[in-house]
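Here is the structure we will look at, set down as structure tokens.
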Amino acid sequence: MAHHPSGPPRTLVLAEQLTLRTSRGMVFGPVDAELTAGSVVLLVGPSGSGRSALLLALTGRMAGLEGTLVVDHQHLDRSRTVRSIASVARITGLVEIEEQLTVPECITERCLMDGVPTAQGADRMALLAGRLGLHLTDDLVVDLPALDRTLLAVGLACIRPPELVVLDDLDLGLRREEQLHVLRRLERLAEDGVTVVASCLEDPSAGRYPIIELPDPAAHTAGAR
């Protein structure tokens, strides 16, 4: 994988007063954030704070947004272009690896989804597995440890080279030490210029990574009274 040349940090994502409301109330926002290319960022907030919705918004997959969102110089109204450079590793309950597929079948499926020739995708996945410290097996996804399942999801999201990858619920089934292991592996992708945003309930790293913090949804309710 080619490493990006050194130089001043490049802003990949800029959000200003980014907000999502529905008829049932506030989903998230207002959010202000500036993410540089080649960084690992944590999206931290309690359950119901809109973490999944914000991750979808960052990848151009959420309608009804208010405020400003620019991803690689593309405004939120150019969501199709944003989707071409942003990839979803996992959105819990919405975008997940099929548990009854084998690892090779998952690779083939992702290649078909992303329009990547299967042989080329398999070769790239082998490189990604090396970067992520993931041993590719023929096992069913359901039989993989949670740590390997998370790393596999990230690798699959990078088969078509992205600028931005989002991962929901970094802490899903993982102890703090395992979360830190995943984050260190994500740093390998960041070294290649990829920006990774991972959501979690609490920061497991004690401040090592930049944070976007979402408030408890009860705060929105209280503010609306």
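State whether the residues of region 149-168 include one that is loosely packed, with under 14 Cβ neighbours inside 10 Å, charged (D, E, K, R) and in contact (Cβ under 8 Å) with a residue 24 or more places away in the chain. Let's see the steps before the verdict.
First, the residues of region 149-168 that are loosely packed, with under 14 Cβ neighbours inside 10 Å: none.
Looking for residues that are loosely packed, with under 14 Cβ neighbours inside 10 Å, charged (D, E, K, R) and in contact (Cβ under 8 Å) with a residue 24 or more places away in the chain, one finds none in region 149-168, hence no.
Residue check: is Arg110 charged (D, E, K, R), under 18 Å from Pro161 (Cβ atoms), surrounded by 20 or more Cβ atoms within 10 Å (Cβ to Cβ) and modelled with pLDDT of 95 or more? Yes; evaluated as a whole, the condition is true for this residue. Taken as a whole, the structure leaves Val142 outside the set of residues that are crowded, with 20+ Cβ neighbours inside 10 Å, among the β-branched types (Val, Ile, Thr) and at pLDDT 95 or above. Evaluation of His73 against the conditions (1) within 28 Å of Leu18 (Cβ to Cβ); (2) touching a residue at least 24 places away in the same chain (Cβ under 8 Å) shows that the sole unmet condition is (2). All conditions but one from (1) buried (at least 17 other Cβ atoms within 10 Å of the Cβ); (2) β-branched (Val, Ile, Thr); (3) within 20 Å of Leu43 (Cβ to Cβ) apply to Thr92; the one that does not is (1). For region 1-17, the criterion of being more than 22 Å from Asp169 (Cα to Cα), of a type in the set (A, V, I, L, M) and at pLDDT below 90 is met by at least one residue. Of all the listed residues (Leu186, Leu134), the sole one being crowded, with 20+ Cβ neighbours inside 10 Å and more than 17 Å from the chain's Cα centre (by Cα) is Leu134.
Select from region 43-95 the residues that are among the aliphatic types (A, V, I, L, M) and touching a Pro at 6+ places or on another chain (Cβ under 9 Å) and write down the one among them that is modelled with the highest pLDDT.
Ranking the candidates gives Ala86 first.
The values are calculated or read from the model by the stated rules, or taken from the named source; none is laboratory data. Computed from a predicted structure; not experimentally measured. Cβ: placed from backbone, ideal geometry, glycine included. Neighbour counts: every protein chain shown.
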